[in-house]
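J.: Quick one: the structure is below, questions incoming.
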Amino acid sequence: MRKLRLTLGMALLSASAVFAQKPTIDFNARGILSLSDGDMAASATVDGKLMKEVGVKDALTIYPLPLKLGQEFGTSPVPNSAIGWTRNVAIMSDGRYAFVIETRGQTADSTKVVKNVATDLPAGSTMYIVDISNMAKPSARKAPIGKNPSAIDMLGSNILITSEETGKELRLLEIGAGGLPTRNVPIALNLTNARATDVSWHPEGEFAAITIEETKEIWLYKAKRNAQGKIATFEAFGAPVKITGKPGHGAFTPDGSLFIVSDLKDGAAGELAVIQFNTTATDPKTAEHKVIGQTAVGAGVESFSISPDGSMIVTANKNNSAQPWEGNVGKAGISLLTLAKDGKIAKVADYDIDGIAPESIIFDKTGDNVAVSIYEYFDYGRRDGGIEFFKVTKGGTPALTKQLAKISASKGCYTVKLIP
């Protein structure tokens, strides 16, 4: 009997050693910025019931890394909205300023239900310039930026913003000292019954990709400069690329050779499409762009992230997790994919997560870890959100492993952004 007990004890010791993890968060960055929409529950996109909680407001929160138990996080009541493709904040490369666009305005505490959150929430019109140099005490000031800004992207000192403002659907801001714009250049895209819903700088700074949701098109635009070498406007470069479903978030690979865009398929299982833009054509009218790769991912792919070396992609899949609780809800998840230089894209695996509406996902600076936002959890009582983390296994057989620790965040956490 003594021998049996000894064997059992050794087996239990071995099992505990195998499953033991340090309750720490591994993520290679100076910090993480999150945005939380306090105006509505995730299911409001389906039934219009906001389920507002008294005292819960929109928030920008800074989490300095590495995290320590008991530390306080920097937070600021910056108005923001989850309506859009989570491209509503840009951070300067030196990590000093963040720029947040208010895609929709805040609702009054007395507002309980809206018919359609995509169209009936108050119009947004503001960009918030947030000094995050002291991550414990972010401070914000605001500037008007046009009706219902939809997306923002930054490269160097130049910001591009798309909005629903007629004749000013694209806006170029040049940022100077103190994070303030020194130039504000409105640019007409000449759209008819359509909106520019996403914008992404090419890494070389001479092109930008712009998504027109209603026509299901992704256009490539080239910068035109004035005599002083400043960007004065953007002009279409070649014909647009069309996709079959509903275009969402898009991004260039780090080397600029490929453009990835999510196709939400209006609620069905989504796809990622790989586009090859011709940026070297001598005549813009003859530049041909094409889709060279596609693969299926989960439903509700509102966000993805490309690894720093361009070889992997992770997607955040809402699936049916944001349904009203009275009905049938599904598991949210994330997907891991590989991406080859020739545009071949392949899904490696899907991973379930317990939270509702993961709308934003990012790699860290080295590509060794992933962070994903959680809008809220299936919890009665406080409906807080969170940020969860995964370890990346690289090499010939890539994989993700969920980290033990996570961050509790304000309700409505829908955007995470790396602070370099």
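Just so you know, all these numbers are worked out from the coordinates, no wet-lab data involved. Because the structure is predicted, anything quoted here is derived from the model rather than measured. Counting neighbours? That spans all protein chains shown, and the Cβs are built from the backbone with ideal geometry, glycine included.
J.: Explain nothing, just compute: Karplus ³J(HN,Hα) = 6.51 cos²θ - 1.76 cosθ + 1.60, θ = phi - 60°, for every residue of the range 54-59 in order, whole Hz, x for Gly and Pro.
T.: The phi angles translate into 4, x, 8, 10, 4, 8 Hz.
J.: What residues qualify as long-range amide H neighbours of Gly343, i.e. H under 5 Å apart, gap of 5 or more or another chain, H built at 1.01 Å from N?
T.: Long-range HN contacts for Gly343: none found.
J.: Check the straight Cα-Cα distances from Lys216 and name the lysines below 17 Å, setting aside those fewer than 8 residues away within the same chain.
T.: Lys242, Lys246, Lys265, Lys290
J.: Just going by the charge dipole of the chain, with Lys and Arg at +1 and Asp and Glu at -1 on Cβ, which of Ala239, Phe390, Val89 is farthest out on the positive end?
T.: Comparing the listed Cα positions along the dipole, Phe390 ranks first.
J.: Can you list the aspartates and glutamates whose alpha carbon sits under 14 Å from that of Lys402, skipping same-chain ones fewer than 8 residues off?
T.: Asp26, Asp350, Asp352, Asp354, Asp368, Glu388
J.: How much of the calculated P(r) for the range 307-379 lies past 20 Å, in percent of all Cα pairs? Mind dumping the intermediate values first?
T.: Details: 962 of 2628 pairs.
Value for the range 307-379: 37 percent of Cα pairs lie more than 20 Å apart.
J.: If you build the convex hull over the alpha carbons only and average its shadow over all orientations, what do you get for the chain? Give it in nm² to one decimal. Show your work: numbers first, answer last.
T.: On the way: hull surface 93.5 nm².
In nm², the orientation-averaged hull projection of the chain is 23.4.
J.: Among 313-326, 170-183, what's the highest-first ranking by average C-beta atoms within 10 angstrom per residue? Walk me through the intermediate numbers first.
T.: Working: 313-326: 21.6, 170-183: 15.9.
Packing proxy ranking, top to bottom: 313-326, 170-183.
J.: Step by step: find N for the range 347-420, compute 2.2 N^0.38 Å, then divide the Cα radius of gyration by it. What's the final number?
T.: Details: Rg = 12.9 Å, N = 74, 2.2 N^0.38 = 11.3 Å.
Normalised Rg, Cα atoms only: 1.15.
J.: Once you place label points 7 Å from the Cα toward the Cβ at Asn328 and Lys230, how far apart are they in nm?
T.: The modelled label-to-label distance comes out at 5.9 nm.
J.: Hey, another quick one. Where nothing but the Cβ of Lys and Arg (+1) and of Asp and Glu (-1) is charged, how large is the charge dipole of the chain around its Cα centre, in debye to the nearest 20? Display every interim value, and only then the final one.
T.: Working: 46 positive and 44 negative charges, 181 e Å.
The dipole of the chain has a size of about 880 debye.
J.: Let me ask something additional. Exposure proxy check: Ser43, Ser110, Ser303 ranked by fewest other beta carbons within 10 Å?
T.: Numbers: Ser43 23, Ser110 6, Ser303 28.
Ascending Cβ contact count within 10 Å gives the list Ser110, Ser43, Ser303.
J.: Compute the angle between helix 2-19 and the longest alpha-carbon principal axis of the chain, please, reported from 0 to 90 degrees and rounded to the nearest 10.
T.: Helix 2-19 and the main axis of the chain meet at about 10 degrees.
J.: Work out the length of the dipole vector of the range 78-183 about its Cα centre, built from +1 on the beta-carbon of each Lys and Arg and -1 on the beta-carbon of each Asp and Glu, and round it to the nearest 20 debye.
T.: Computed charge dipole of the range 78-183: roughly 140 debye.
J.: Counting helices only, and only those DSSP H runs with n ≥ 4, report the 222 nm mean residue ellipticity of the chain as the sum of -39,500 (n - 2.57) divided by its residues, in deg cm²/dmol to the nearest 500.
T.: That comes out to -1500 deg cm²/dmol.
J.: Still on this structure, I have one more. Dividing the convex hull volume of the alpha carbon atoms of the range 148-197 by its residue count, what do you get in Å³ per residue?
T.: Numbers: hull volume 3.3 nm³, N = 50.
Convex hull volume per residue, Cα atoms: 65 Å³.
J.: Step through the table entries Lys365/Lys411; Lys57/Lys222; Lys115/Lys347, compare each Cα-Cα distance with 32 Å, and write down the pairs that go over it.
T.: Details: Lys365/Lys411 27 Å; Lys57/Lys222 39 Å; Lys115/Lys347 37 Å.
The answer is Lys57/Lys222; Lys115/Lys347.
J.: Next question. Calculate, in nm to one decimal, what Glu204 and Lys22 gain on full extension: separation in residues at 0.36 nm each, minus their alpha carbon distance. Provide the component values of the computation, followed by the final result.
T.: Values: separation 182, 0.36 × 182 = 65.52 nm, distance 4.06 nm.
The Glu204-Lys22 span can extend by a further 61.5 nm.
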